[in-house]
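Colleague: Take a look at this one; I'll ask things after.
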Amino acid sequence: MKPFIMVSTRSELEAAQDEYDSFLAQSGLAREDLQHLQLEEADFLRDVSVERVSGVFIGGSPYNITTPARAKTRSQLDVERQVRDLLAVALKEGVPLLATGFGLQVLAGYLGTAAGPEYAEELGSADVFLTADGRQDPLLAGLPQAFTVFVGHDEGVGEVPAHATLLASSPDCPVQMVRVGRNVYGTQFNPELDVERFKQRVSIYDEAGYGDPDLSEDILSKARSEEPHQAGRIIRNFVAQFSRD
């Protein structure tokens with residue numbers, strides 16, 4: 001089987017490794033079949049092609065697209081440019097790709113639709129609802145009409161980008177999952193996270209100074225009390241749909 005690639009955009013190495021481990025666990029792949037690259041390590045023209053890979057996952061990021069350009073660090077500007085370049089290669093070459101969180105916002109911007117803070121969702125869980133197109137999409141096969149996901153973002157996308165098909169939505173963030181063409185997808189939520197891995201992610205960002213430990217414990221207690229999270233099926237379906245020898 002041609003391998004899948006997981007591309008991390010996070011500068012925090014512990015968070016990037018935890019994210020890779022989350023995708024690995026949800027995918028059902030062996031470690032050698034899911035290669036892990038930091039964004040700056042990826043040679044898109046060499047590493048990302050239909051001849052070399054089955055598909056690509058793009059992980060999330062703590063960056064905000066709507067930060068004024070003058071206030072963005074060089075690292076953030078580089079990450080945004082590299083994600084856009086990777087999306088362009090995937091769309092041009094027909095490489096299957098699933099972008100999560102920040103990646104969806106970059107994808108929307110690439111297609112001409114801006115993100116905004118009015119579509120933010122607090123750190124925790126949310127219910128998303130499949131559209132009619134979502135119910136027919138192979139990546140959402142086996143999922144109910146409504147299911148619970150983990151979220152946490154300061155901005156989101158409110159309008160369906162041009163050339164995209166809306167697959168899932170939520171009351172606070174209208175664009176939760178889209179498909180562009182036949183095999184490029186974006187999710188605002190984090191399909192790789194179950195309760196335990198959500199706990200790890202929250203802990204890492206608390207320690208990095210992004211979170212509030214007292215608030216985080218309340219969030220985690222609520223998450224543990226809810227229905228099991230089923231969004232990992234999206235990653236497994238992506239693998240099943242696009243695995244190639």
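Colleague: Among the residues of the range 33-42, which ones are open to solvent by less than 10 Å² (accessible area, probe 1.4 Å) and under 11 Å from G59 (Cα atoms)?
Modeller: Across the range 33-42, the qualifying residue is only L39.
Colleague: Working only within the range 109-145, note down all residues that are of a type in the set (S, T, Y), part of a loop (DSSP other than H, G, I, E, B) and open to solvent by 50 Å² or more (accessible area, probe 1.4 Å).
Modeller: Selection gives nothing.
Colleague: Which numbered condition trips up Q82, out of (1) at pLDDT below 90; (2) open to solvent by 10 Å² or more (accessible area, probe 1.4 Å); (3) over 25 Å from P138 (Cα atoms)?
Modeller: (1)
Colleague: Being at pLDDT 95 or above and at negative phi narrows it down to one residue among A168, A223; which is it?
Modeller: Result of the check over A168, A223: A168.
Colleague: Moving on. What number of residues within the range 1-32 satisfy the criterion of being in contact with a Lys or Arg (Cβ under 9 Å, 6 or more places away or on another chain), open to solvent by 10 Å² or more (accessible area, probe 1.4 Å) and more than 15 Å from Q241 (Cα to Cα)?
Modeller: Going through the range 1-32 one residue at a time, the tally reaches 4.
Colleague: Here is a follow-up. Sort out which residues of the range 165-184 are part of a strand (DSSP E or B) and either aromatic (F, W, Y) or under 16 Å from the mean Cα position of the chain (by Cα) (or both), and write them in order of number.
Modeller: Answer for the range 165-184, where residues must be part of a strand (DSSP E or B) and either aromatic (F, W, Y) or under 16 Å from the mean Cα position of the chain (by Cα) (or both): L166, L167, A168, S169, M177, V178, R179, V180, V184.
Colleague: Name the helices (runs of 4 or more DSSP H) wholly within the range 3-108 that hold at least 2 residues that are among the aromatic types (F, W, Y) and touching a residue at least 12 places away in the same chain (Cβ under 8 Å)?
Modeller: Helices (runs of 4 or more DSSP H) meeting the threshold: 13-27.
The values are calculated or read from the model by the stated rules, or taken from the named source; none is laboratory data. Predicted model, so just to flag it, every value in this text is computed and none were measured. Here the Cβ is made from the backbone with ideal geometry for all residues, glycine too, and neighbour counts use every protein chain on show. Quick note on the areas: whole protein, heavy atoms, side chains included, nothing else; ligands and nucleic acids left out. Shrake-Rupley method; radii C 1.70, N 1.55, O 1.52, S 1.80 Å.
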